[in-house]
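The values are calculated or read from the model by the stated rules, or taken from the named source; none is laboratory data. What you see is a predicted model; the values in this text were computed from it and never measured. Cβ placement follows ideal geometry from the backbone for every residue including glycine, while neighbour counts extend to all protein chains displayed.
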Amino acid sequence: MTWDMDYALDVLPPILEAFLRYTLLVTVLASVLAAVLGLVFAVVRRVRVPVLTPLTTAFVEFVRSTPIPIQLFFLFYVLPEAGLTLPGLFVGVVTLGVHYACYYSEVYRAGIDGVPKGQWEACTSLSMSPRYQWQHVVLPQAVRNVLPALGNYVISMFKETPFLFLIAVPEMVQEAVAIGGRDFRYLEPVTIAGLIFLAASYPSSVAIRRLEKRLVHA
């Protein structure tokens, strides 16, 4: 259990490559998907479409009540039995994106509910169309108020990308473990992976806290 700096420098490039090609890529794509889909879920539940709203609510509750590994296994291993085979990277992005979209929808809904009642009444009195009202009055205020919470979920998603090893996506942690198994040395590769997670997560957390304070005092 002694640290070998030369070995650490040798294994750093492939671990960084796995971080950039898979861990970071999945986080970015899944975050975009979650942000867009979560907003759609929130608006649908708010406007109370007769059939669509109950279905959306049921779907959100179902996804939030099941763990990510089960969802990954289902899409990657069960769907092929029904004739639908999906690439592992695609499954990872969709699973994390949809899973966190259900949490994003609750955050968005809180932001929408936080828009003062007078704003809604003013839009009605000015005869604004529903689209204009949502696009130019409600959503800009709602999204601004919930940005810190959304940022925290992005960090949580980032730290859950190691689950992708379950569907053979060679993300950073799996790459580190594979290198450790190949060379029978786990200290350096696993520690490097942990330090990369720390180096990416901690500054992001600090930035989000500063953003939250800024929004509060704005």
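For the stretch 78-98, does any single residue satisfy the condition of being in a helix (DSSP H, G or I), in contact (Cβ under 8 Å) with a residue 12 or more places away in the chain and either of a type in the set (S, T, N, Q) or in contact with a Lys or Arg (Cβ under 6 Å, 6 or more places away or on another chain) (or both)? Within the stretch 78-98, one or more residues are in a helix (DSSP H, G or I), in contact (Cβ under 8 Å) with a residue 12 or more places away in the chain and either of a type in the set (S, T, N, Q) or in contact with a Lys or Arg (Cβ under 6 Å, 6 or more places away or on another chain) (or both).
Annotation: of all residues in the stretch 78-129 being surrounded by 14 or more Cβ atoms within 10 Å (Cβ to Cβ) and among the polar types (S, T, N, Q), the one that is farthest from THR161 (Cα to Cα) is SER105. Take THR161 and decide whether it is touching an Asp or Glu at 6+ places or on another chain (Cβ under 9 Å), among the polar types (S, T, N, Q) and either touching a residue at least 60 places away in the same chain (Cβ under 8 Å) or surrounded by fewer than 18 Cβ atoms within 10 Å (Cβ to Cβ) (or both). The answer is yes for THR161. Annotation note: of LEU20, LEU33, LEU24, the sole residue that is over 12 Å from the mean Cα position of the chain (by Cα), within 30 Å of ALA193 (Cβ to Cβ) and among the aliphatic types (A, V, I, L, M) is LEU20.
Only one of the listed residues (GLU171, GLU175, GLU160) is modelled with pLDDT of 90 or more, in contact with a Leu (Cβ under 6 Å, 6 or more places away or on another chain) and not β-branched (Val, Ile, Thr). That residue is GLU171.
For every residue, the table says whether it meets (1) part of a helix (DSSP H, G or I); (2) more than 30 Å from TYR108 (Cβ to Cβ).
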| position | (1), (2) |
| --- | --- |
| VAL154 | yes, no |
| PHE158 | yes, no |
| PRO170 | no, yes |
| ALA176 | yes, yes |
| GLY181 | yes, yes |
| PHE197 | yes, no |
